[in-house]
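Reading through the structure tokens given below for one structure.
The values are calculated or read from the model by the stated rules, or taken from the named source; none is laboratory data. In this text the structure is predicted, and so the values were computed from the model without any measurement. Because the Cβ atoms are built from the backbone with ideal geometry, glycine has one as well, and the counts that use them run over all protein chains shown. Ligands, DNA and RNA are stripped out before the accessible areas are found, and what is left, the full protein with its side chains, is counted by its heavy atoms. Shrake-Rupley method; radii C 1.70, N 1.55, O 1.52, S 1.80 Å.
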Amino acid sequence: MLLVNARSYRLPTQPTVVVCVDGCEPDYIAQAVAHGAAPWLKSTLSNGTALIADCVIPSFTNPNNLSIVTGAPPAVHGICGNYLFDTTTNSEVMMNDPKWLRAPTLLAALADAGRAVAVITAKDKLRSLLGHGMKGLCFSAEKADAAGVLEWVGRPLPSVYSAELSEFVFAAGVQLMRRQGADVMYLSTTDYVQHKHAPGTPEADAFYRMMDGHLAELDALGCVIVITADHGMNAKTRLDASPNVIYLQDVLDGWIGAGVARVILPITDPYVVHHGALGSFATIYLPASADRTTLASRLAALRGVECVLTREAAAERFELPADRIGDLVVVSERFTVLGSAASRHDLSGLDVPLRSHGGLSEQQVPLIVNRRIEGLEATRRWRNFDAFELALNHAQ
């Protein structure tokens, strides 16, 4: 048994693959199955174990991928966004560096226990975090040429803004399992398709058809497979299909003066073309002289805002590290996103109506195992970071 972040895990007895399908709103799977695009998933949903789980909030990529591989919420591992305000240097930075990690990963622990571990992620921004301290193969599809894997995967280097980036992840996973095998493999895709296409559209169904085929190949190789997601995805538009945005920096500048408050958007990462750095979760840093109670009440009254919490309340409710979030946390409703100042967002790359994530409305995600597991607690609140517990402790 391994003890990692206060959770116990059995060592794998069969090849084990955990897949994080970026942006996988559960309806994507339901629609793909209904349209006949995912026969393997249809069979697995009937004969395996199908659950709906909650991801961590903010429902963004980095916090949830790190929760899955640590088996713990951000309060434990420290990654509370893709981007944060570093109060020690008074600067806004990406949370891609392992220095921000506060907990070990299960992947590193499994490798230290002598198991062959492999990590394949779509975007390079996650590679160093997921592979931190891990002995084994760890590369991104984005930088697959630098990793020297293009020849044996048998595919050209994909564009970072393409469905092929995720397809490369699956194809590489299958090839790796066939060529040399792995005791544990973690695959993490990109949500390029989900940001552009709603569940049940031809483009979305094509993505899940591709995924379904590769998962069927891994299943045929004898793998225990657990599929989950880092977050869901929703349309964030007005009736005329324009982005439905509350520009918080502009609002606060009008209320208390220009630059007095600092709005941080944790969705921000190096790949903002498809969402314009607009998501449904924001943090606000305020000077000590600011009336937080009054500002929270005024923000909560804005149309499209679901809740406004103080730092302490947000840290408790969403299991976040209190020292890495603002004085106030704002979460918007299903059809609304939050921005900083309108002048700071380049929306010229949005060639389809905006779809995004970050809030409570994107918290539900699939949690699917290709093995039937009996006796699971009927009232348990499942989390996406229970994926490895199911894979190692229940499915083998």
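A few comments on the model shown:
- Amide H contacts of residue 238 (H built 1.01 Å from N, in plane; Pro and chain starts excluded): 244 sit under 5 Å, all sequence-distant by 5 or more or on other chains.
- Filter on 42/123; 99/143; 42/236; 99/236; 125/236; 42/196 - keep pairs with C-alpha separation over 31 Å: 99/236
- Global form of the range 1-75, assessed from the alpha-carbon gyration tensor, a/c cut-off 1.5: oblate
- Selection from 81, 168, 8 lying farthest towards where the dipole of the chain points positive, charges on Cβ: 8
- Efficiency of FRET between residue 99 and residue 1 - r from beta-carbon atoms, R0 30 angstrom, step 0.05: 0.50
- Square roots of five times the Cα gyration tensor eigenvalues for the chain, Å: 34, 23, 20
- Computed from the C-alpha gyration tensor, the three semi-axes of the ellipsoid equivalent to the range 173-251 are 36, 16, 9 Å, from longest to shortest.
- Cβ-based charge dipole, the chain, positive-most Cα from 108, 18, 375: 375
- If only the Cβ of Lys and Arg carry +1 and only the Cβ of Asp and Glu carry -1, the dipole of the range 139-244 around its Cα centre is close to 120 debye.
- Each Lys and Arg Cβ is given +1 and each Asp and Glu Cβ -1; about its Cα centre, the range 76-225 then shows a dipole of about 360 debye.
- For the chain, the membrane-span-like helix rule (DSSP H, alpha carbon extent of at least 18 Å along the helix axis, mean Kyte-Doolittle at least 1.0) picks out no helix; this says nothing about an actual membrane.
- Beta bridge orientation in the chain: antiparallel %, DSSP, nearest 5: 55
- Within the chain, helix-based [θ] at 222 nm, where runs of 4 or more DSSP H residues each add -39,500 (n - 2.57), nearest 500: -8000 deg cm²/dmol
- In terms of its C-alpha gyration tensor, the range 269-396 comes out oblate, because a/c is 1.5 or above while a/b does not outweigh b/c.
- If you take all other residues with their beta carbon under 13 Å from the beta carbon of residue 314, and give Lys and Arg +1 and Asp and Glu -1, the sum is -2.
- Cα centre as origin, Lys/Arg/Asp/Glu Cβ charges: the chain dipole, Debye: 540
- The calculated FRET efficiency for the pair residue 374 and residue 291, based on their C-beta separation and a Förster distance of 51 Å, comes to about 0.40.
- Accessible carbon and sulfur surface of the range 54-172 relative to its total accessible area, %, 1.4 Å: 50
- Residue 346-residue 239 FRET efficiency (beta carbon distance; Förster radius 30 Å; 0.05 resolution): 0.80
- For residue 304, residues with placed amide H under 5 Å, excluding near neighbours: none
- Overall form of the range 85-145 per C-alpha gyration tensor (a/c, 1.5; a/b vs b/c): oblate
- Segment residue 162-residue 258, extension gain: residue separation times 0.36 nm, minus the distance between their alpha carbons: 30.7 nm
- Positive-pole candidate from 329, 365, 248, dipole of the chain, charges at beta carbon: 365
- A Gaussian network model of the chain, with springs between Cα atoms under 10 Å, assigns the largest mean-square fluctuation among 136, 339, 254 to 254.
- Accessible area (Å², per residue) of the chain, counting only protein heavy atoms and a probe of 1.4 Å: 37
- For the range 191-248, the fraction of 1.4 Å probe accessible surface lying on carbon and sulfur atoms is 58 percent.
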